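Student: Got a structure for you, questions after.
The values are calculated or read from the model by the stated rules, or taken from the named source; none is laboratory data. Since this is a predicted model, take the numbers as computed values, not measurements. Note: ideal-geometry Cβ built from the backbone for every residue, glycine included; neighbour counts use all protein chains shown. Side chains are part of the model used for accessible areas, which takes the heavy atoms of the whole protein and leaves out ligands, DNA and RNA. Shrake-Rupley method; radii C 1.70, N 1.55, O 1.52, S 1.80 Å.
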Amino acid sequence: MKIYDTPGFPNPARIRVVLAEKGLDSQIEFVKVDLFAAEHKQSAFLAINPTGTVPVLELDDGTFISESVAITEYLDNLDGNPTLTGKTPKEKAVIHMMQKRADDQLIDAVGIYFHHATPGLGARLEAYKSPEWAHRKEWGDRHHEKFVRGMKYFDGVLKTHPYVAGDDFSMADITVYAALMHGSAAGIAIPDDCSALSAWQAKMSDRPSVKNRSGQVMELPA
Ligand SMILES: N[C@@H](CCC(=O)N[C@@H](CS)C(=O)NCC(=O)O)C(=O)O
């Protein structure tokens, strides 16, 4: 199998953590996609993922799977022993629900803020100097607020549960962790009063799959 990704970026980091959790690192070949050179917007890459984003998983039979949740579900179920996406109908449903909240309130929100209200990936890739820039910035700023509200929501969840979807670590934890990583790279810190979220983040940082992740910190153009 191959993973097309960009080390250090938040969604690729989700899959690198999944691979480490599942002990699959040695079965994967990584293919680096140069986001700053807009490689993901060229026809060769769009042919494997029309949305022009990383990560993408390529199976040995030539099937391409994009979307971090879909890739996670595939990898988690490969050995018939899912540990990240739930085993029982109830576990699956609760993890799915919390995953969806983490996507909507955190990782998508911070992505919109990053691309629309900050220089994002740089002038070459972001049309942030276009005439509608003022509106885009306002829209992006609203997602900054949404992200902060999301952090407060998950802080509340983590006050009463050890993990995002309850008693066990799941893909929802990985998504929240990656979103906080993106927030930090975009200059948004965890609010001071979110002590449960901060403590959970410290616990996640110590988890071997997160600690040994082969991606580095997101590097943005100066
Ligand atoms: N919904 C996708 C989001 C993927 C995504 O936005 N990836 C970012 C990197 S973290 C990307 O490729 N950004 C490039 C761009 O937006 O131009 C997923 O879950 O994998």
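Student: Computing the accessible area with a 1.4 Å probe over protein heavy atoms, can you report the carbon and sulfur percentage for the range 89-207? Provide the component values of the computation, followed by the final result.
Tutor: Numbers: 3240 of 5890 Å².
Carbon-and-sulfur percentage of accessible area, whole number: 55.
Student: What pairs in Lys2/Lys22; Lys100/Lys211; Lys22/Lys100; Lys22/Lys211; Lys100/Lys146; Lys32/Lys203 have C-alpha atoms more than 18 Å from each other? Write out the running numbers ahead of the final one.
Tutor: Working: Lys2/Lys22 16 Å; Lys100/Lys211 25 Å; Lys22/Lys100 22 Å; Lys22/Lys211 15 Å; Lys100/Lys146 15 Å; Lys32/Lys203 29 Å.
With Cα atoms farther than 18 Å apart: Lys100/Lys211; Lys22/Lys100; Lys32/Lys203.
Student: Any chance you could check the Cα centroid distance between the range 155-203 and the range 39-116 for me, in angstrom?
Tutor: If we compute the Cα centre of each part, the gap is 19 Å.
Student: If all Cα-Cα distances of the chain are sorted into 10 Å bins from 0 onward, what percent lands in each bin, rounded to whole numbers?
Tutor: 8, 33, 37, 19, 3, 0
Student: Next up: Can you give the Kirkwood hydrodynamic radius for the range 89-207, in Å, rounded to one decimal and based on Cα pairs?
Tutor: 14.9
Student: Another question, then. Under a 1.4 Å probe, what is the accessible area of the chain per residue, stated in Å²? Working shown, then result.
Tutor: On the way: 10890 Å² over 222 residues.
I get 49 Å² per residue for this part.
Student: Taking only C-alpha pairs under 8 Å that are 6+ residues apart, what is the relative contact order of the range 89-207 in percent? Could the numbers behind the result be given before it?
Tutor: Details: 120 pairs, mean separation 38.7, N = 119.
Computed value for the range 89-207: 32 percent relative contact order.
Student: According to the square roots a ≥ b ≥ c of the eigenvalues of the Cα gyration tensor, what is the shape class of the range 1-118, taking rounded for a/c under 1.5, prolate for a/b larger than b/c otherwise, and oblate for the remainder? Let's see the in-between values first.
Tutor: Details: a/c = 2.04, a/b = 1.20, b/c = 1.70.
Verdict is oblate for the range 1-118.
Student: Roughly how many percent of the accessible protein surface of the range 2-77 is carbon and sulfur, given a 1.4 Å probe and a whole-percent answer?
Tutor: Numbers: 1640 of 3250 Å².
Accessible surface attributable to carbon and sulfur in the range 2-77 totals 50 percent.
Student: Here's something else I'd like to know. Report for the range 1-132 the percent antiparallel among DSSP-assigned beta bridges with both residues inside it, nearest 5. Show your work: numbers first, answer last.
Tutor: Details: 6 of 10 bridges.
Here the share of antiparallel DSSP bridges comes out near 60 percent.
Student: Counting other Cβ atoms within 10 Å, which trypsin sites (Lys or Arg not before Pro) in the range 58-95 have at most 13 and lie in a DSSP loop? Please list the in-between numbers first.
Tutor: Details: sites: Lys87, Lys90, Lys92; in loops: Lys87.
Filter output for the range 58-95: Lys87.
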